[in-house]
Amino acid sequence: MPLTVAVQMDPIERIRIAGDSTFALLLEAQARGHTLLYYTPDRLNLLGARLFVEAQPLAVRDEPGDHFTLGEARTIELADLDVVLLRQDPPFDLAYIATTHLLERIHPKTLVVNDPRAVRDAPEKLFVMDFPELMPPTLISRERAAIEAFRAAHGEVVMKPLYGFGGGSVFKVGERDPNFGSLFDLFSNTFREPWVIQKFLPQIVEGDKRIILVDGEALGAVNRVPAEDDIRSNMVRGGAAVETELTARERAICARIGPELKRRGLVFVGIDVIDGWLTEINVTSPTGIRAVRKLGGPDLAAAIWDAIEARRRAAGAAP
């Protein structure tokens, strides 16, 4: 059954379609005959109990430099649609949180993917702390004494902002690192929230595996190998995507967290695993599905739309 689908995303003219997961989802939706509408989050308007947006009809094509066509903008009520894809990139700040409050008012009558309340309640570097047995030793703090005690216990650590993204502001700190004091001051003056301090895993040189879970099931993965002289494996930071398979340990991690992801309505999730240790659960705007496909893996965009359509059918059958 054709659906009417709106995508809430960053400006479409800025995306790099070769690796953009949102674009892959749009291509698949269009191929299935769904009607696409596009808007950016600043166009949302809540009038009383009704949520409106200035949206534009959208057509997409897999042609770099000429990847979309937009129609004339018109005001629509989001409650009249079938699906909204919540796909703007972090930062996960108050503006982002505000959009989840707005979209929560139409969900699940209009299916929002991922569930906006679940996105709001699952900050990626905090939600993962619900599964400490799967993680390397990790501290969430901004207190110097606690951080120094953690360093003394675990040696080399990685420090990063709690709401950071894309590998920004990620630092490796040695047990007796003379830069620690300056880095502590920098973080103190830059970030109001606590920070993540995590035991450094030297096996990062072998890669940081991104595993994609669809409705709680692990369906594909890509290993992201950092560039030389860098600990960050994010592809936007120079990491290289390499074909990979899941280990028994990684399958056990997915089996442990998958049911909770599905229960929360987190249809499309990307987790990060280094040397068998879970480090992040990404729910806001996960990436990786085009990289998986290019390396010979499954068509995850199709799997995600299968899951979305199944949820719409179930909602239509409910009394």
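The values are calculated or read from the model by the stated rules, or taken from the named source; none is laboratory data. Because the structure is a prediction, the values reported are computed rather than measured. Neighbour counts run over all protein chains shown; Cβ positions are idealised from the backbone, glycine included. For accessibility, only protein heavy atoms count, side chains too; no ligands or nucleic acids. Shrake-Rupley method; radii C 1.70, N 1.55, O 1.52, S 1.80 Å.
In region 255-313, which residues are assigned to a loop (DSSP other than H, G, I, E, B) and closer than 29 Å to D80 by Cα?
Within region 255-313, R264, G265, L266, V267, V283, T284, S285, P286, T287 qualify.
How many of the residues making up region 177-205 are in contact (Cβ under 8 Å) with a residue 24 or more places away in the chain, under 18 Å from A149 (Cβ atoms) and surrounded by 13 or more Cβ atoms within 10 Å (Cβ to Cβ)?
Total meeting the criteria: 11.
Can you tell me which residue is farthest from W195 (Cα to Cα) among those in region 159-176 that are at pLDDT 90 or above and open to solvent by 20 Å² or more (accessible area, probe 1.4 Å)?
K172
What residue, among those in region 193-225 that are of a type in the set (D, E, K, R) and out of contact with any helix residue (DSSP H, G or I) (no Cβ under 9 Å at 6 or more places or on another chain), is farthest from K160 (Cα to Cα)?
E206
Suppose we filter region 85-106 for residues that are surrounded by 21 or more Cβ atoms within 10 Å (Cβ to Cβ) and not polar (S, T, N, Q); how many remain?
5
When residues of region 261-270 are filtered for being in contact with a helix residue (DSSP H, G or I) (Cβ under 7 Å, 6 or more places away or on another chain) and either modelled with pLDDT under 95 or buried (at least 23 other Cβ atoms within 10 Å of the Cβ) (or both), how many remain?
The number of residues fulfilling the criteria is 4.
Would you pick out the residues in region 79-124 that are touching a strand residue (DSSP E or B) at 6+ places or on another chain (Cβ under 8 Å) and among the small types (G, A, S)?
A79, A122
Does region 111-130 hold any residues that are crowded, with 21+ Cβ neighbours inside 10 Å and either of a type in the set (D, E, K, R) or more than 30 Å from W305 (Cβ to Cβ) (or both), and which are they?
D115, E124, K125
Output the number of the condition that D82 fails; it satisfies all remaining conditions of (1) of a type in the set (D, E); (2) at pLDDT 95 or above; (3) surrounded by fewer than 15 Cβ atoms within 10 Å (Cβ to Cβ).
(3)
If you take the residues in region 90-119 that are under 12 Å from the mean Cα position of the chain (by Cα) and not in a loop (DSSP other than H, G, I, E, B), which one is farthest from E260 (Cα to Cα)?
Filtering first and then ranking leaves V113.
Can you tell me which residues in region 131-157 are open to solvent by less than 20 Å² (accessible area, probe 1.4 Å), within 15 Å of L201 (Cα to Cα) and assigned to a strand (DSSP E or B)?
Correct list: V157 only.
Could you tell me whether G71 is open to solvent by 40 Å² or more (accessible area, probe 1.4 Å) and more than 23 Å from E309 (Cα to Cα)?
Working: open to solvent by 40 Å² or more (accessible area, probe 1.4 Å): no; more than 23 Å from E309 (Cα to Cα): yes.
When the stated conditions are applied, G71 does not pass them.
What's the number of the only condition in (1) touching a Pro at 6+ places or on another chain (Cβ under 7 Å); (2) more than 25 Å from R105 (Cβ to Cβ) that Q8 fails to meet?
(2)
Quick one: would you say I281 is within 22 Å of D130 (Cβ to Cβ), surrounded by 15 or more Cβ atoms within 10 Å (Cβ to Cβ) and touching a residue at least 24 places away in the same chain (Cβ under 8 Å)?
In short, yes.
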